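A.B. asks: First the structure, which I've put down as structure tokens, then a few questions once you've had a look.
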Amino acid sequence: MIKIHPSAEVLSKSIGVNTSVWQFVVILPGAIIGENCNINCHVFIENDVIIGNNVTVKPGVQLWDGLRIGNNVFIGPNVTFTNDKFPRSKQYPEKFQSTIIEDGVSIGAGAIILGGTRICRNSMIGAGSVVTRDIPENELWVGNPARFMRKIER
């Protein structure tokens with residue numbers, strides 16, 4: 001069963017079972033969302049977005065074209081993703097940047113993830129961090145710009 005709040009505008013038909021979509025969410029028709037996800041209030045999801053299974057997206061997040069999110073990922077409140085290195089009003093790139101968030105990643109509140117980056121398996125991004133480069137697996141990164149803090153033991 002999929003739970004969709006009446007105030008949400010869900011245009012996609014590709015939403016997995018046991019996924020919840022809360023108040024004031026907009027999901028465009030091309031988006032693909034896995035099973036057992038929790039899409040919190042005030043989230044916007046564009047067309048060319050793929051979300052895996054068991055993903056939590058907290059309030060105030062926009063998921064732009066080119067974003068790929070693996071399984072078991074946590075995206076904290078007000079995390080910001082970008083997908084255009086040189087944005088200009090009414091001038092769009094031929095192809096938006098692709099950003100990859102691999103399985104098991106956790107991104108803290110208010111972090112900024114620049115387009116074209118990859119955050120590898122089981123890594124964590126601290127709240128308020130700015131990710132400007134690829135993040136290796138099993139590492140904690142924090143700060144502006146985000147810097148390596150330590151390995152994460154499972």
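The values are calculated or read from the model by the stated rules, or taken from the named source; none is laboratory data. Small disclaimer: the values here were computed from a predicted structure and weren't measured. Positions of Cβ are generated from backbone atoms using ideal geometry, with glycine treated the same way; all protein chains shown enter the neighbour counts.
A.B. asks: Could you list, in sequence order, all residues of region 39-76 that are under 19 Å from Gly110 (Cβ atoms) and of a type outside the set (A, V, I, L, M, F, W, C)?
C.D. replies: Once the filter is applied, which keeps residues that are under 19 Å from Gly110 (Cβ atoms) and of a type outside the set (A, V, I, L, M, F, W, C), region 39-76 yields Asn40, His42, Thr56, Lys58, Pro59, Gly60, Gln62, Gly76.
A.B. asks: Condition (residue is without any contact (Cβ under 8 Å) to a residue 60 or more places away in the chain and in contact with a Pro (Cβ under 6 Å, 6 or more places away or on another chain)) applied to region 111-127: is it met by at least one residue?
C.D. replies: yes
A.B. asks: Kindly list, by first and then second residue, each pair from a residue in region 41-60 that is modelled with pLDDT under 95 to a residue that is of a type outside the set (Gly, Ala, Ser), limited to pairs with Cβ atoms under 6 Å and residues at least 6 apart or on different chains.
C.D. replies: As it stands, the answer is none, since no pair meets every condition given.
A.B. asks: Any residue in region 133-150 that is closer than 21 Å to Ile39 by Cβ, touching a Lys or Arg at 6+ places or on another chain (Cβ under 6 Å) and not hydrophobic (A, V, I, L, M, F, W, C)?
C.D. replies: Within region 133-150, none of the residues are closer than 21 Å to Ile39 by Cβ, touching a Lys or Arg at 6+ places or on another chain (Cβ under 6 Å) and not hydrophobic (A, V, I, L, M, F, W, C).
A.B. asks: Checking Asn138 against (1) farther than 23 Å from Ala31 by Cα; (2) among the polar types (S, T, N, Q); (3) surrounded by 17 or more Cβ atoms within 10 Å (Cβ to Cβ): exactly one of these is not met. Which one?
C.D. replies: The number of the failed condition is (3).
A.B. asks: State yes or no: is Ile75 surrounded by 17 or more Cβ atoms within 10 Å (Cβ to Cβ) and within 28 Å of His5 (Cα to Cα)?
C.D. replies: So Ile75 passes the test.
A.B. asks: Further question: Go through region 94-130 and give me each residue that's surrounded by 16 or more Cβ atoms within 10 Å (Cβ to Cβ) and among the hydroxyl-bearing types (Ser, Thr, Tyr).
C.D. replies: If the condition is that a residue be surrounded by 16 or more Cβ atoms within 10 Å (Cβ to Cβ) and among the hydroxyl-bearing types (Ser, Thr, Tyr), then Thr99, Ser106, Thr117, Ser123, Ser129 are the ones that fit.
A.B. asks: Of all residues being farther than 17 Å from His42 by Cβ and in contact (Cβ under 8 Å) with a residue 12 or more places away in the chain in region 75-94, which is farthest from the chain's Cα centre (by Cα)? Just the residue, please.
C.D. replies: Result: Lys85.
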